[in-house]
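This report refers to the structure that appears directly beneath it.
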Amino acid sequence: MSITKYEIYEFWKDKSILKNYQIKNYASCEEKDEAIRIIEFSDDICCWACGLPSFILDEENINISGSLKKEWNNDKSLQKAHIIARSLGGEEKAENMFLLCPICHADSPDTVKAENFFAWVYYKRKNDNYINMLRRGLEEACKIKNVDFQIIVDYLSKCNYHKVMKLRKQIIKSCTVHGTFVSMSSKMMELIDEIIKDIQ
C-alpha cells in the first residue's frame, strides 16, 4: 500500500465525526453536532476508534526524534484500514483510510456505506473506548486468577508515570503476539502477576 500513515493523518487531522455520522471540519462544528474530533493531538499516535496507545515493541522506537511525519510513518502498532473495503470498490486514498489498532481493524464493519464505518467509530469512542476495554479486561483477568479487583485498582491509582512505564515494559517483555496483536488477556494476566509480585 503506497499511501503513508502521515498522509492519512494529514487528511484527517482537522476532521470530526458528527452524531449523524457525517464528517465535518472540527473548527466548523457547533455544540448541537455533538462532534468527536478524530485526532485530539498531532503527536498522540493511537487508534482512532478505541484510543489504544501505540504499543511499541522495541526500545529504539520509544523516543523517535525528528518530524511529526517521521513519527507517524515509523509507528509499528496502527494498521491502515479501509473505510470502504477494496473488494467493495473502496479506493487507496487518504479519505478512504483510517488508522486503527489490530483489534479494531478486525472488528470494524466492511460495507459499501462509509456511514456504517463512522457510526461504529462514533460508538467506540463514546462507549467502548480503550479505557473501558482495559477495565473489562482487568476485571475478567482478576476473576480468572481469583484476585480482588479492588486491590489491583488501588495499586494502579497510586502508580506514577515511571511505575506505569516499568509495568508496561515488563508486559512487553513477557507477552507475545497472538495472530497479529497482543491479546488483552495476555496483557492483563501479566499485569496482575507483576502487581501481586510487587505487593508481596
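The values are calculated or read from the model by the stated rules, or taken from the named source; none is laboratory data. These figures come from a predicted structure and were not determined experimentally. FYI the Cβ positions are ideal-geometry reconstructions off the backbone, even for glycines, and counts take in every protein chain you see. What goes into the accessible areas is simple: the full protein's heavy atoms, side chains included, and nothing from ligands, DNA or RNA. Shrake-Rupley method; radii C 1.70, N 1.55, O 1.52, S 1.80 Å.
Take the solvent-accessible surface of the protein heavy atoms, probe 1.4 Å, and return the percent of it on the chain that carbon and sulfur atoms account for.
Working: 5780 of 11720 Å².
Accessible surface attributable to carbon and sulfur in the chain totals 49 percent.
Can you figure out the FRET efficiency of Val112 with Ser28, using R₀ = 22 Å and their beta-carbon distance, to the nearest 0.05?
0.20
Could you pull out the pairs from Lys32/Lys124; Lys93/Lys187; Lys69/Lys173; Lys80/Lys113; Lys158/Lys197 whose alpha carbons sit more than 26 Å apart here?
Details: Lys32/Lys124 20 Å; Lys93/Lys187 34 Å; Lys69/Lys173 28 Å; Lys80/Lys113 18 Å; Lys158/Lys197 16 Å.
Those over the limit are Lys93/Lys187; Lys69/Lys173.
Looking at region 83-174, which trypsin sites (Lys or Arg not before Pro) are DSSP coil and have at most 11 other C-beta atoms within 10 Å of their C-beta?
Working: sites: Arg86, Lys93, Lys113, Lys124, Arg125, Lys126, Arg135, Arg136, Lys143, Lys145, Lys158, Lys163, Lys166, Arg168, Lys169, Lys173; in loops: Lys93, Lys113, Lys158.
Taking region 83-174 and a limit of 11 other Cβ atoms within 10 Å, the loop trypsin sites (Lys or Arg not before Pro) found are Lys158.
Determine the principal axes of the Cα atoms in region 58-175, then give the extent along each, sorted from largest to smallest and rounded to whole angstroms.
So the three principal-axis extents are 50, 37, 23 Å.
Loop-only check: which GluC sites (Glu not before Pro) in region 73-180 are DSSP coil with at most 14 other Cβ within 10 angstrom? Write down the numbers at each step before the final one.
On the way: sites: Glu91, Glu92, Glu95, Glu115, Glu139, Glu140; in loops: Glu91, Glu92.
Taking region 73-180 and a limit of 14 other Cβ atoms within 10 Å, the loop GluC sites (Glu not before Pro) found are Glu91, Glu92.
When the scattering of region 70-135 is computed by the Debye formula from its Cα atoms alone, each counted once and equally, what is log10 I(q)/I(0) at q = 0.15 Å⁻¹?
Log10 I(q)/I(0), no solvent term: -0.51.
Can you give the Kirkwood hydrodynamic radius for region 113-200, in Å, rounded to one decimal and based on Cα pairs?
With all distinct Cα pairs of region 113-200 included, I get 14.5 Å.
Could you tell me which GluC sites (Glu not before Pro) in region 3-36 are loop residues by DSSP with no more than 14 other beta carbons within 10 angstrom of their beta carbon? Before the final figure, lay out the partial values.
Working: sites: Glu7, Glu10, Glu30, Glu31, Glu34; in loops: Glu30, Glu34.
Answer in residue order: Glu30, Glu34.
Once every Cα of the chain carries one equal point scatterer and solvent is ignored, give the base-10 log of I(q)/I(0) from the Debye formula at q = 0.11, 0.14 Å⁻¹, two decimals.
-0.58, -0.91
Report the one residue of Ile192, Ser67, His105 whose Cα lies farthest in the direction of the positive end of the charge dipole of the chain (charges on C-beta: Lys and Arg +1, Asp and Glu -1; origin at the Cα centre).
Toward the positive end, the furthest listed residue is Ile192.
Please give the solvent-accessible surface of Val177 in Å², to the nearest 10, using a probe radius of 1.4 Å with every protein chain present.
Result for Val177: roughly 80 Å² accessible.
Want the number for Arg135 to Tyr161: 0.36 nm per residue separation, take away the alpha-carbon distance, what's left?
7.5 nm
With every protein chain present, what is the per residue accessible area of the chain (1.4 Å probe, Å²)?
That works out to 59 Å² per residue.
About the Cα centre of the chain, how large is the charge dipole given +1 on each Lys and Arg Cβ and -1 on each Asp and Glu Cβ? Please answer in debye to the nearest 20. Before the final figure, lay out each step's value.
Numbers: 29 positive and 30 negative charges, 45 e Å.
Here the chain has a charge dipole of around 220 debye.
In nm, to one decimal, how far is the modelled label at Val153 from the one at Lys13, with both set 7 Å along Cα→Cβ?
Inter-label distance under the simple model: 3.9 nm.
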